[in-house]
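One structure is given here, and the rest of the page talks about it.
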Amino acid sequence: MPVKDKDSSRIFKTAWFNKAAKKAHISDDELCLAIRQVIQGQVDDLGGGVFKKRLSDNNYRSIILTKSGKFWIYTYLFAKKDRENIDAAELAEFKKLAKLYSRQPDSVIDTEIKNGDLLEICNVKET
(Lines give C-alpha, C1' and ligand atoms only; values in the text may rest on other atoms or scores of the structure.)
Protein backbone atom coordinates (compact mmCIF):
# COMPACT_ATOMS: atom_id res chain seq x y z
CA MET A 1 0.00 0.00 0.00
CA PRO A 2 1.36 3.47 -0.85
CA VAL A 3 2.75 5.56 1.99
CA LYS A 4 0.33 8.20 3.27
CA ASP A 5 1.51 11.79 3.42
CA LYS A 6 -0.41 14.80 4.74
CA ASP A 7 0.34 16.71 1.52
CA SER A 8 -0.74 13.96 -0.82
CA SER A 9 -3.99 12.61 -2.15
CA ARG A 10 -4.80 8.91 -2.13
CA ILE A 11 -6.04 7.59 -5.46
CA PHE A 12 -8.46 4.67 -5.73
CA LYS A 13 -10.50 2.85 -8.33
CA THR A 14 -13.57 0.74 -7.74
CA ALA A 15 -13.47 -2.96 -8.56
CA TRP A 16 -15.89 -2.26 -11.44
CA PHE A 17 -13.71 0.55 -12.77
CA ASN A 18 -10.66 -1.71 -12.53
CA LYS A 19 -12.27 -4.26 -14.88
CA ALA A 20 -13.39 -1.57 -17.32
CA ALA A 21 -9.95 0.08 -17.33
CA LYS A 22 -8.21 -3.24 -18.00
CA LYS A 23 -10.54 -3.91 -20.93
CA ALA A 24 -9.79 -0.39 -22.25
CA HIS A 25 -6.02 -0.86 -21.67
CA ILE A 26 -5.82 2.12 -19.29
CA SER A 27 -2.97 1.71 -16.83
CA ASP A 28 -2.66 2.82 -13.22
CA ASP A 29 0.19 5.11 -14.31
CA GLU A 30 -2.18 6.88 -16.71
CA LEU A 31 -4.79 7.21 -13.96
CA CYS A 32 -2.26 8.72 -11.54
CA LEU A 33 -1.06 11.16 -14.20
CA ALA A 34 -4.67 12.15 -14.90
CA ILE A 35 -5.24 12.94 -11.21
CA ARG A 36 -2.22 15.24 -11.25
CA GLN A 37 -3.93 17.07 -14.12
CA VAL A 38 -7.23 17.11 -12.19
CA ILE A 39 -5.50 18.71 -9.19
CA GLN A 40 -4.16 21.39 -11.57
CA GLY A 41 -7.71 22.10 -12.78
CA GLN A 42 -7.61 20.22 -16.09
CA VAL A 43 -10.98 18.54 -15.55
CA ASP A 44 -14.71 19.06 -15.98
CA ASP A 45 -16.15 19.83 -12.54
CA LEU A 46 -19.71 18.48 -12.53
CA GLY A 47 -20.36 19.76 -9.00
CA GLY A 48 -20.96 18.01 -5.71
CA GLY A 49 -17.56 16.28 -5.64
CA VAL A 50 -18.03 14.72 -9.10
CA PHE A 51 -15.55 15.24 -11.93
CA LYS A 52 -15.25 14.05 -15.51
CA LYS A 53 -11.77 13.46 -16.91
CA ARG A 54 -10.76 12.44 -20.41
CA LEU A 55 -8.42 9.43 -20.66
CA SER A 56 -6.58 7.38 -23.25
CA ASP A 57 -5.96 10.09 -25.86
CA ASN A 58 -9.50 11.43 -25.41
CA ASN A 59 -11.13 8.08 -26.30
CA TYR A 60 -12.60 7.45 -22.83
CA ARG A 61 -14.28 9.47 -20.11
CA SER A 62 -13.95 8.72 -16.42
CA ILE A 63 -16.15 9.82 -13.55
CA ILE A 64 -14.13 10.60 -10.43
CA LEU A 65 -15.43 11.30 -6.94
CA THR A 66 -13.46 13.21 -4.32
CA LYS A 67 -13.41 13.89 -0.62
CA SER A 68 -12.07 17.45 -0.54
CA GLY A 69 -9.00 16.40 -2.50
CA LYS A 70 -7.98 14.05 0.33
CA PHE A 71 -8.77 11.10 -1.88
CA TRP A 72 -10.03 10.52 -5.40
CA ILE A 73 -12.06 7.53 -6.54
CA TYR A 74 -12.33 6.48 -10.17
CA THR A 75 -15.91 5.24 -10.29
CA TYR A 76 -17.17 4.99 -13.86
CA LEU A 77 -15.63 4.69 -17.33
CA PHE A 78 -17.22 4.97 -20.75
CA ALA A 79 -16.01 5.19 -24.33
CA LYS A 80 -16.58 8.46 -26.12
CA LYS A 81 -17.70 6.48 -29.19
CA ASP A 82 -20.45 4.75 -27.15
CA ARG A 83 -21.96 7.79 -25.46
CA GLU A 84 -21.38 11.50 -25.26
CA ASN A 85 -22.00 12.01 -21.56
CA ILE A 86 -23.76 10.76 -18.46
CA ASP A 87 -27.37 11.82 -18.04
CA ALA A 88 -28.90 13.97 -15.30
CA ALA A 89 -30.15 10.98 -13.30
CA GLU A 90 -26.71 9.35 -13.33
CA LEU A 91 -25.08 12.62 -12.27
CA ALA A 92 -27.52 12.90 -9.36
CA GLU A 93 -26.60 9.36 -8.24
CA PHE A 94 -22.86 10.10 -8.51
CA LYS A 95 -23.37 13.24 -6.40
CA LYS A 96 -25.16 11.16 -3.75
CA LEU A 97 -22.28 8.68 -3.77
CA ALA A 98 -19.70 11.49 -3.51
CA LYS A 99 -21.60 12.92 -0.54
CA LEU A 100 -21.68 9.50 1.10
CA TYR A 101 -17.93 9.05 0.64
CA SER A 102 -17.27 12.56 1.98
CA ARG A 103 -18.86 11.58 5.29
CA GLN A 104 -17.01 8.27 5.64
CA PRO A 105 -14.12 8.00 8.08
CA ASP A 106 -10.84 6.55 6.83
CA SER A 107 -11.68 3.28 8.60
CA VAL A 108 -14.57 2.67 6.17
CA ILE A 109 -12.28 3.30 3.20
CA ASP A 110 -9.74 0.89 4.70
CA THR A 111 -12.48 -1.74 5.06
CA GLU A 112 -13.49 -1.27 1.42
CA ILE A 113 -9.84 -1.79 0.43
CA LYS A 114 -9.61 -4.97 2.52
CA ASN A 115 -12.85 -6.25 0.95
CA GLY A 116 -11.58 -5.54 -2.58
CA ASP A 117 -14.28 -2.98 -3.31
CA LEU A 118 -11.63 -0.25 -3.68
CA LEU A 119 -8.11 -0.62 -5.02
CA GLU A 120 -5.53 1.97 -4.03
CA ILE A 121 -3.34 2.78 -7.01
CA CYS A 122 -1.09 5.63 -5.88
CA ASN A 123 -0.60 8.80 -3.86
CA VAL A 124 -0.24 12.09 -5.67
CA LYS A 125 1.66 14.99 -4.13
CA GLU A 126 -0.21 18.25 -4.21
CA THR A 127 1.83 21.13 -5.56
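The values are calculated or read from the model by the stated rules, or taken from the named source; none is laboratory data. Bear in mind the structure is a predicted one, so any value in this text is a computation, not a measurement. Counting neighbours? That spans all protein chains shown, and the Cβs are built from the backbone with ideal geometry, glycine included. For accessibility, only protein heavy atoms count, side chains too; no ligands or nucleic acids. Shrake-Rupley method; radii C 1.70, N 1.55, O 1.52, S 1.80 Å.
The label point for Gln37 and the one for Trp16, both projected 7 Å from the Cα toward the Cβ, are 2.4 nm apart.
Computed over the alpha carbons of region 1-70, Rg followed by Dmax gives 12.1, 34 Å. Karplus-derived 3J(HN,Hα) values for region 36-41, using 6.51 cos²θ - 1.76 cosθ + 1.60 with θ = phi - 60°, are 4, 5, 4, 4, 7, x Hz; glycine and proline are entered as x.
Note the angle between two axes, namely the Cα long axis of helix 88-103 and the longest principal axis of the Cα atoms of the chain, as a number of degrees from 0 to 90, rounded to the nearest 10. Between the helix axis and the principal axis of the chain, the angle is about 10 degrees.
Dividing the Cα radius of gyration of region 13-127 by its Kirkwood radius returns 0.93 for Rg/Rh.
For region 115-122, backbone phi angles converted through the Karplus equation (6.51, -1.76, 1.60; θ = phi - 60°) give residue-by-residue couplings of 7, x, 6, 10, 10, 7, 10, 5 Hz, Gly and Pro being listed as x. Among Lys67/Lys125; Lys23/Lys70; Lys80/Lys125; Lys52/Lys114; Lys22/Lys52, which pairs are too far apart, with a Cα-Cα distance over 25 Å? Those over the limit are Lys23/Lys70; Lys80/Lys125; Lys52/Lys114.
Solvent-accessible area of region 82-127 (1.4 angstrom probe, protein heavy atoms only): carbon and sulfur portion equals 52 percent. Net charge dipole, the chain: roughly 100 debye, given to the nearest 20, about the Cα centre with Cβ charges of +1 for Lys and Arg and -1 for Asp and Glu. Taking every C-alpha pair closer than 8 Å and separated by at least 6 residues, the mean separation divided by the residue count of the chain gives a relative contact order of 39 percent. Arg36 sits with roughly 110 Å² accessible to a 1.4 Å probe, with DNA, RNA and ligands left out of the calculation.
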